[in-house]
Amino acid sequence: MVDNMWAIGLHWYGFWIALGVAVWFLLVMSDVRVRALISKDQIINLLNASIIGGLVGGRLLHVAVNWHDYAQWVEVLALWQGGLSVLGSIMGVLLVVWGFSWRNHVALLPLLDSIIVYAPLAQAFGRVGCFSAGCCYGCPTSCLIGVPVCIEGAYGMVHPVQLYNVALLVALFLIVRVLTFFPLPAGMITGVALLGLFIIRFVTDFWRGDREWLNVLPWLSVHQWVSLVGILFCAGGVLWFWLRRQREVV
């Protein structure tokens, strides 16, 4: 466990998460591409369902990876103990959007393309919250950019891996936002955004100090293996969308 170095860290964590959700909501509400697909009321319904899906998915993957920390099943419901998995939240939200599009007869890929643009930015706010709360901390370092944390009663300097994530997520948001100005096939923006999110998690995990390992596959962390599967799947999807577009042009 990491002893929080800020007395109000937990409150700031919740603040940054809420701010990220609010920014995502406002940007989606103001996006003409989204409003061309669904109404404002539907956007609100989708937001509420996505929050639930993100919490459930994030908690389930976190518990699955850290099952040994939960002797009582009732502890699984205590979201304030242990936390969430970002990758699980992503998968939970994707399932919610799929269900929403099916129930409301909305084309899935155009809907995903229009709302996922702002997901990296929202996640960047969440990572700022991680930094303020002292969770998702980095591995020990002696470099000048190291930040102090208290790990199990011992103080030390670690990589500010949460801020690495913030910088990369903002860069990904800018890249995906620029792509929206090009006539890309449906699903391409979603594929690029998800590919970027999985790559960022895979790479930054090398500097994480709280990585979880599998005994049978010890070379990478659990989340890196999950990210690797996501990278291969999304890269294949992006390639497929691109080749299909090339055939249509020819």
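A few remarks follow.
- Distance (nanometres) between label positions extended 7 Å along Cα→Cβ at residue 245 and residue 211: 3.4 nm
- Separation between Cα centres of the range 83-106 and the range 112-185, rounded to whole Å: 21 Å
- Distance between the pseudo-spin-label points of residue 155 and residue 22 (7 Å out from Cα toward the beta carbon): 3.4 nm.
- Working note: Karplus 6.51/-1.76/1.60 with θ = phi - 60° gives the range 169-185 the couplings 5, 5, 4, 5, 4, 5, 4, 5, 5, 4, 4, 5, 8, 10, x, 8, x Hz, where Gly and Pro are set to x.
- The calculated FRET efficiency for residue 228 paired with residue 36, based on their beta-carbon distance and R0 = 22 Å, is about 0.05.
- Measuring r between the beta carbons of residue 180 and residue 55 and using R0 = 22 Å, the FRET efficiency lands at 0.20.
- Counting 0.36 nm for each residue step from residue 108 to residue 64 and taking away their Cα separation leaves a gain of 13.0 nm.
Bear in mind that the values in this text are calculations on the coordinates, not laboratory data. Only a predicted model underlies this, so the values are computations on that prediction, with no experimental measurement involved. Heads up, the Cβs are rebuilt from the backbone with ideal geometry, glycines too, and the neighbour counts pull from every protein chain shown.
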